[in-house]
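Reading through the structure tokens given below for one structure.
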Amino acid sequence: MARSGSDVGVIVVVVKMATGGEAPESWYLALLGFAEHFRTSSPPKIRLCVHCLQAVFQFKPPQRVEARTHLQLGSVLYHHTKNSDLARSHLEKAVSCDKCQIAQFEDVKFEAASLLSELYCQQVNVDPLLRKAIQISQQTPYWHCRLLFQLAQLHTLEKDLVSACDLLGVGAEYARVVGSEYTRLLFLYSIHTENTRKLQEVHPLLTLCGQIVENWQGNPIQKESLRVFFLVLQVTHYLDAGQVKSVKPCLKQLQQCIQTISTLHDDEILPSNPADLFHWLPKEHMCVLVYLVTVMHSMQAGYLEKAQKYTDKALMQLEKLKMLDCSPILSSFQVILLEHIIMCRLVTGHKATALQEISQVCQLCQQSPRLFSNHAAQLHTLLGLYCISVNCMDNAEAQFTTALRLTTHQELWTFIVTNLASVYIREGNRHQELYSLLERINPDHNFPVSSHCLRAAAFYIRGLLSFFQGRYNEAKRFLRETLKMSNAEDLNRLTACSLVLLGHIFYVERKNNSNNMVVPAMQLASKIPDMSVQLWSSALLKDLNKACGNTMDAHEAAQMHQNFSQQLLQDHIAACSLPEHNLISWTDGPPPVQIQAQNGPTTSLASLL
């Protein structure tokens, strides 16, 4: 806007001519009209809109008009330009106007403070102006609650969960005092989202919230949205705990609830209590969220085709929503969906597709520093898993080490350490590092998280190590523990891996019941489908049947093994030939903007055959 001064001067002259030198109020209304016309033009003429609003100050308007104009300028600049510094300057001036104490003009201050909070969220910066706005907004319930929510969000982004929970607690008590049970529940649920790692606090809070929801008589859409919020919290709590079977009743309720809410109309009468003028998520966003938690459940349970089906539905819905809505939460949903489907692809033997989707996550993170900050550890973890799948163990170690440095989340930390231990086991010469890791994820003693699934996986890793060391009785003990835990919660992939490894041990020991392990492992792996376990099982079945003299069965198993080998080999070559394969070398800073192509695959294929 280099010519803003001269443009503003021209606009002032034009307005004076158009209004015939009438009162300043006429000039003000004329300028507002011009500004709105330019803002709503197709395409919008934001530069001219801004110039019209800036021209208001040439008339030395009253302070209430000045404050509102600063708000309008800040809003236009924030929503339609990248000039965040100028937007912030105007919004801060609107908030700082000390003479806007009349009730109808205090809304100007609070709306400006709310927009400032959104701006601060992008910059992860808590400003005293926001705290001041909260202090003076206690007589206006809507703005007071909204600003409390926003400041709590800022503290969450700063990873100051204690301050965030304290503010949410203040909000819950304030909502109770002003008679808003609905908003009180929103505050309580938000406290729960911050406290998910404190498992001892989860059950009492969820029980209290559930009782309040069921007893609350209010707007049907608000009640159903509260039920969706409540059930999402329950489902994610179970999934965080690795309890895939136990979560099924809650997940079914959630899926039924979202069907109910999608049939309700939004044309209800607005609540009479201004503190009730909130909604948790739009219905369309809730639908995507329910698809997302269904994908999370399907992936953990090993129903990978179902995970693919719901991922496709969710991504299609997201694509439609993002054409009309630029809400950051939609990009977060998209990244989390991609993270889960990438893991599914690696299991089903579609490494090339997984790699392209990892690159897609990188592109999304390039557009949002905050999104990258929240998902950097997961992104490096996914690259580590990809490296394992293409036998690039040095790169896998580097990716997992980077991910460990970037995460403070205990469940993710445990997941990464478990996979890094598998890398050291495969390398065979990293004994000191391996034993150091295993001490930190000992499933028999002081396991770092309460996740049933991760603890079962830790038993499997111990069994795998004992197998490679030839300590078969110890390996069988660990694997039977894995089987017991995985069967209890329908962790199908861990069950398949444990069965095939037990079958391998029995084959090495020349025991007759090896077939009883390998056949169900193959059946389960085919159902998932898990390409690596199918490859392993078919190789064992070939050798078992050959040893027993079952020529036809041995030939059939050999044919299956050859088919799986060829599929994996072709996918391996395709993945390693992609320019995105060079992402395996990225371990520092933001995702690379451009990925250089390479001549061809650089990794050994021997481990696949």
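Quick look at the values:
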quantity	calculated
Positive-end extreme of charge dipole, region 222-277 - chosen from F230, L251, L277 (charges on Cβ)	L251
Sparse-neighbour loop sites [trypsin sites (Lys or Arg not before Pro); region 458-502; at most 16 other C-beta within 10 Å; DSSP]	R471
Rel. contact order, % - alpha carbon contacts under 8 angstrom, at least six apart, region 293-359	31 percent
Positive-end residue of N515, L569, T348, charge dipole of the chain with Cβ unit charges	N515
Relative contact order computed over region 136-273 (Cα-Cα under 8 Å; 6+ residues apart), in percent	17 percent
Between 0 and 90°, nearest 10: helix 472-488 axis offset from the chain longest Cα axis	40 degrees
Tail weight of P(r) past 25 Å, computed on alpha-carbon pairs of region 276-409, percent	27 percent
Value of relative contact order over the chain, rounded to a whole percent, pairs C-alpha under 8 Å and six or more apart	8 percent
Three-way shape call for region 468-545 based on the alpha-carbon gyration tensor, with the a/c threshold at 1.5	oblate
Per residue solvent-accessible surface (Å²) - the chain, probe of 1.4 Å	47 Å²
Cα centroid separation - region 392-417 against region 49-80, whole Å	49 Å
Rounded tilt (10° steps) of 84-95 against the dominant C-alpha axis of the chain	50 degrees
Table column - 3J(HN,Hα) (Hz), region 363-379, Karplus curve with 6.51, -1.76, 1.60, x for Gly and Pro	5, 5, 6, 5, 7, 9, x, 5, 4, 5, 4, 6, 10, 4, 4, 5, 5
Karplus-derived 3J(HN,Hα), 6.51/-1.76/1.60, for each residue of region 389-406, Hz, glycine and proline x	5, 10, 6, 9, 5, 4, 5, 4, 4, 5, 5, 5, 4, 5, 4, 4, 5, 9
Area accessible to solvent at M393, 1.4 Å probe radius, in Å²	20 Å²
Listed residues H203, H555 arranged by accessible area, highest first, probe 1.4 Å	H555, H203
Karplus-derived HN-Hα couplings along region 70-83 (A = 6.51, B = -1.76, C = 1.60, θ = phi - 60°), whole Hz, x at Gly and Pro	4, 4, 4, 5, x, 5, 4, 5, 5, 7, 10, 9, 9, 8
Rounded, prolate or oblate (a/c below 1.5 giving rounded, otherwise prolate when a/b exceeds b/c) for the chain by Cα gyration tensor	prolate
0 to 90° range, to nearest 10: angle between helix 551-577 axis and the chain longest Cα axis	40 degrees
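The values are calculated or read from the model by the stated rules, or taken from the named source; none is laboratory data. Source: prediction; values computed, not measured. Cβ atoms come from the backbone with ideal geometry, glycine included; neighbour counts cover every protein chain shown. In case anyone asks, the SASA skips ligands and DNA or RNA and just uses the protein heavy atoms, side chains included. Shrake-Rupley method; radii C 1.70, N 1.55, O 1.52, S 1.80 Å.
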